[in-house]
1. Let me spell it out: the conditions are (1) under 30 Å from A:Pro592 (Cβ atoms); (2) surrounded by fewer than 24 Cβ atoms within 10 Å (Cβ to Cβ), and A:Leu488 meets all of them except one. Which number is the exception?
2. In the stretch B:274-294, how many residues are part of a helix (DSSP H, G or I) and over 19 Å from the mean Cα position of the chain (by Cα)?
3. Given the options A:Ala255, A:Ala264, name the one that is under 24 Å from A:His570 (Cβ atoms), small (Gly, Ala, Ser) and in contact with a Phe, Trp or Tyr (Cβ under 8 Å, 6 or more places away or on another chain).
4. Kindly indicate which of B:Ile143, B:Ile89 is touching a residue at least 24 places away in the same chain (Cβ under 8 Å) and either under 30 Å from B:Asp250 (Cα atoms) or surrounded by fewer than 23 Cβ atoms within 10 Å (Cβ to Cβ) (or both).
5. How many residues are in contact (Cβ under 8 Å) with a residue 60 or more places away in the chain and within 14 Å of chain B (Cβ to nearest Cβ) when one looks only at the stretch A:45-96?
6. Determine whether A:Val276 is part of a helix (DSSP H, G or I), within 11 Å of chain B (Cβ to nearest Cβ), under 25 Å from A:Ile366 (Cα atoms) and touching a residue at least 12 places away in the same chain (Cβ under 8 Å).
7. For the stretch B:109-158, give me the residue count where each residue is within 18 Å of B:Thr70 (Cα to Cα) and not hydrophobic (A, V, I, L, M, F, W, C).
8. Would you tally the residues in the stretch B:341-373 being more than 23 Å from the chain's Cα centre (by Cα) and away from chain A (no Cβ under 12 Å)?
Amino acid sequence: MNEATLTTFTWLIPLFPLASFFLIFLVTRHNRTLTWMLSWAAIITSLVMGWIVAFNTFGLSELLSGGQKGWKEHVHHLVDHPVVIESSVAWLPFRPEIGSWLRMGVAVDPLTAVMLFMVPFAITMIFIYSVGYHNYGKPRGTKPGVPNHGKEEPMFTRFFGFFCLFAAAMLTLVVADNLLLLFVGWEVMGLCSYLLIGFWYGREYDDPKATPPRKASIKAFMTTRVADVVMLMGIVYFYRAFGTLNFSEAFTAEALAAVGAVTAGVIALLLFAGTVGKSAQWPLHTWLPDAMEGPTPVSAMIHAAAMVSAGVYMVVRIFPLLALGLAGSESVGLIVGGIGAITALMAATIAVAQNDVKRVLAYSTISQLGFMIAALGIGAYVAAAFHLITHAFFKALLFLGSGSIIHGMEHGAEHVHDHHTDPQDMMNMGGLKDKMPRTFITFVIGGLALAGFPFVTAGFWSKDEILADAWHQGTHGNTLGMIIFIMLCIAAFLTAFYTMRQIALTFLGQPRTPLAEHAHESNNYMTLPLLALAVFAIGFGWLGIPDTFLGTEGVFYNYYHHFVGATVEHTLHELHALVPGVHELVTLEFDPVPLIASIVVALGGLTVGYLVYGRNPLKANEPDPLIAPLGPLYTFLKNKWYWDELYDTIFVQPTIWFSETFVYEWVDKGVIDGTLHLAARSTYAMGQYVKRFEERVINDGVDAIKDAVLWLSKEFRSIQAGNIQEYALMSVLTAAAFTILLILLPRIIG
Amino acid sequence: MIFSEPTLLILAIFFPAAAALIVFLLPDDDKTLAKRLAFYLSLVPLGLVLAMWVIYANNYRLAPGFQFETIAEWFPLIGASFHIGVDGISLPMMLLTVILTPLSILASFNIEDKTKMFMSLFLLLESAMLGYFAALDLVIFFIFWEFSLVPMYFLIKIWGGADREYASFKFFVYTMAGSLGLLISIQVMGLSMGTFDIVELMDKWVNVTGAVLPESGISIPFIKAFAFWSFVIAFAIKVPVWPFHTWLPDAHTQAPTAGSMILAGVLLKLGAYGFIRLVIPLFPEQSHQLAWVLAVLGTLSIVLGGFAAFGQWDFKRLVAYSSINHMGFVVLGIAVMARAYGANHSVWDGDAIMATNGAVMQMFNHGLSAAAMFFMVGVFYDRLHTRDLRKFGGFWAVAPITGGILIFNSMASLGLPGLNGFVGEFLITRGAWGPYAGLVAIAMIGLLMTGAYILKGIGQTLHGPIKDQELAHHLTPMTTVEHLVIWPLMILMLTLGLWPQWLLAIINDTVSRLF
């Protein structure tokens, strides 16, 4: 396919869902069938175009016609010219010396290509799933703003409208050729996230400690906004330092070297702050678990596959800048890698003690994103980008699976008319294996991928690559690498453990409540996307088997590494020559230690999980077997390390006090208005004093004048008592008189 | 030719005044006629300014100086002349004025009390504002400045809320206090230089040499400092810059909906425009030295305005404080301009172009979004007769379209990228990053609070279970007239967000010439 067509396609990819968004709200919002068909059509068109662009960039035809040799040539070419599609329009005009126009446009390089492979596909699956999830075709629900279990969602079209806007924003972010357009997509996604977390805006819980959706949505938006305003500083600093926001213009070795390692580090950290918020990294991770208040497709799309991945994608996108920053100062690596590793470990510990089926997955998402960030902190570019994609597949699968479970449980709840038992609590489940076979199989596949089950699953290969990179760094003089390696190994062990716990609590044993007893498999809209995603949760990893796996040569070929690595290989190579501390992109030699480590932690975690939860599945009303051995630690983990309480005490409450009491009551009304009122009163008092002085001293002597004044004022009172028309007439007449005077006066005097 | 270019401008300025008179002379009893006529007549200046816009965009974008210029002898004794003209900074402001006036009149179609008078005052106000933006002579400038005050005073005083006496008085006295210094300074400057012409003064006054003024014998450094500060305080009150802002929440809260729309939409810009048109060009040295004061006050406005807005439970007061927060960005941008302009080819020129572009852009954008927000508050208030956010809640379920529109406008106000507000804020942040990185970092706290108060407004109004069935019952859908008010604004916000260059290119060509 020729370049012009591909360029057009790239422009159109985000525009279809965007057009669909406007059409839904302006035209089709009363027609449900038309609405979902329209959004399907839009996203599928984007998917097709996205895949055409992605496969063209990947060199599928070269691979098919020329075999591995032909493809290697293609990649060789890509290394020198990673940006295969580039097109932009002038957007903001400026004078030449500050870079003339700020241009907006699209660009495709290998990294974009893999995102264009994953993002529209995951979104399409979730679009398909959502039709079933919202009970399309069933009797219509009547209560907008709250879940209508078992009935068609009353705000069905609104949901798809927001979803289309979200898809447009995410795809914009992916194809953006500059930081500002990326930020546009970034923020619009934030809005969609806000709207969709709070989709059931009217929902209220009896438990005052529970977070209703509307509060969760504000929490999500505000927490990420803390990060976004810092990121905005990063963007303006970037713009000022490079004189451009365009990635391919800024990320040349010369431009980077001219900016310098220290500045690059500062900019990278400012931008990274945005990722800490968007990808829910510690210390801004608290919003994501509460974001589970949104409908499950939202959790799957925004809070697993797409938006939170966008945070990591952004750091991967600016990797040359980060690499330079890493060379400039150790603290850059310490901050990025440290935050990633702490997040990965902390979130994994919390996930162990959660009972809500979606919240376990939420913490697991935070943890897995931490893996990627940790990888970036030690410069493992490809490993992070690899885990980004595989994670998106299996986490979307798991979330959709959990939605299917909840749907099944809700069906059970409808059946037995029980609206008090929480259908999301895993303690109320059990034995769903036979009730929901498709969901079970796909969920297990996703779970194994998350746990990193050796050799078969995608999660294994990507996690292994991160561990291998950390080990490599650790054994080559980077202490941070070793620390990260150890922390990630523990996190990976816990991951496997809580995954097994989740599978066992949900599917194994006997049903623990009537809800689970009467649960049944979800409709095809929901289960077919699960099957499709399961294929990628396994198969995608095979693209990234290391070249020298098990010391072999020529048997395996790491397509993913060579392809995505081509994005920055050349830049890093040149930059390495200019700035010595910058690491080049390397293909690691085979090392058995990290491989054994990742096999051991994955299988070990799964085994321990099975021994605790799977061998003797929990019976009804039995407590979690972890409570007794862990004791207070379990409470600590169950309460998520008390981050929410801490933030409420040190940030939220003081902000409210500062706004309402300090700034408004004390400063504005007290000090400023108080001073004004004092001034007004003293003026008035002085006037009174003068008046009294006049009365006492001058009074008697001027009776005659007073009488005259009284007479005059009587005359004028008749005018003053009039209505507004008379006032206005007087004003107009006076104004006219003045005007005439002003015009005539110069003539008379002159 | 009757419609020669200068005539176009003169017509645009004085037509609304004539229209005010026409409406005023209508019979008292036909209120509908007064409303309709006022609306149609207010479309004429819109057409005129649009024509000017097209001519300007095609012919004069790169031409230096002022276009559509008229210089007529007017008061030769004191050296004042009738001098008006526009450039790429004043033209967008005039466009804003002529867009917002018809929409505000449309928003006032529910005014039943003294309708005719209301409409006349509005048209009169339009004349004053347009004249202000076009004035190139200090006396004319001052007359229009004062003249804009009077109609607004009456709009608040007569059609305002319960506490309108206090609010209108505060508004009037505050502004008058600022005007006093302005008047004295203008007189001293004009009389000592022998001219009130702004363009001439930009040369004569700026480059005046010697220790004392020729006739009066006043020390030049003293009078320059005095005049500078009087100008700054007068305009700072109008913007308003913290801590001169406390008149604004009261005035807004008490003003009728359309009054708030114009007050926030255009009248606040009078202050910011004064800085760009007068303070910095006439006092480049002082501006350069004291730019940091402006920057600090701008930052304080952003931050404290944001916090104060978040602390409100009256919806309209919340939106009123949001103006302080947003206009703070304008002031920050102006500070960068001040710092670079006086230095004559400083290292900050590039930043200053960005920041000044951003400031003018932000003025325009805030005009649209603040007017829209005040209008939406009015939509709720008209139906519910309360603005207490504590009583609101769950309205999205009863008024889905109104809710959607409120969210759209809130997002524009929040500065969501893709809508108009972001463009200005981004440019100002970018421009200010060079000279004032530390202040930008502090200002980001204010930007964070922008999110907080906007979400508070949406959340308290639309979300949650319905708190008060009675209120929810009264929340009827928006009327056609109301849709006619809000949609042009929303379309403008979206187009400016996606494709800002139709406006920014005009601004930029003038701004670039300043440095």
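1. (2)
2. So the first thing to find is which residues in the stretch B:274-294 are part of a helix (DSSP H, G or I), and the list is B:274-282, B:284-294.
Add one more test, that the residue is over 19 Å from the mean Cα position of the chain (by Cα), and what stays is B:281-282, B:284-293.
The qualifying residues number 12.
3. Numbers: A:Ala264 fails: in contact with a Phe, Trp or Tyr (Cβ under 8 Å, 6 or more places away or on another chain).
Going through A:Ala255, A:Ala264 in turn, just one is under 24 Å from A:His570 (Cβ atoms), small (Gly, Ala, Ser) and in contact with a Phe, Trp or Tyr (Cβ under 8 Å, 6 or more places away or on another chain): A:Ala255.
4. On the way: B:Ile143 fails: touching a residue at least 24 places away in the same chain (Cβ under 8 Å).
Step by step, each of B:Ile143, B:Ile89 is checked, and only B:Ile89 is touching a residue at least 24 places away in the same chain (Cβ under 8 Å) and either under 30 Å from B:Asp250 (Cα atoms) or surrounded by fewer than 23 Cβ atoms within 10 Å (Cβ to Cβ) (or both).
5. Qualifying residue count, the stretch A:45-96: 1.
6. Working: part of a helix (DSSP H, G or I): yes; within 11 Å of chain B (Cβ to nearest Cβ): no; under 25 Å from A:Ile366 (Cα atoms): yes; touching a residue at least 12 places away in the same chain (Cβ under 8 Å): yes.
It is false that A:Val276 is part of a helix (DSSP H, G or I), within 11 Å of chain B (Cβ to nearest Cβ), under 25 Å from A:Ile366 (Cα atoms) and touching a residue at least 12 places away in the same chain (Cβ under 8 Å).
7. Keep residues of the stretch B:109-158 that are within 18 Å of B:Thr70 (Cα to Cα), which gives B:127-144.
Then drop every residue that is not not hydrophobic (A, V, I, L, M, F, W, C), which leaves B:127, B:131-132, B:137.
Going through the stretch B:109-158 one residue at a time, the tally reaches 4.
8. Initial filter on the stretch B:341-373 (more than 23 Å from the chain's Cα centre (by Cα)): B:342-351.
After this cut, where a residue has to be away from chain A (no Cβ under 12 Å) as well, the list is B:342-344, B:346.
Counting residues in the stretch B:341-373 that are more than 23 Å from the chain's Cα centre (by Cα) and away from chain A (no Cβ under 12 Å) gives 4.
The values are calculated or read from the model by the stated rules, or taken from the named source; none is laboratory data. Every value quoted in this text rests on a predicted model; they were computed, and no experiment measured them. Backbone-built Cβ (ideal geometry, glycine too); neighbour counts: all protein chains shown.
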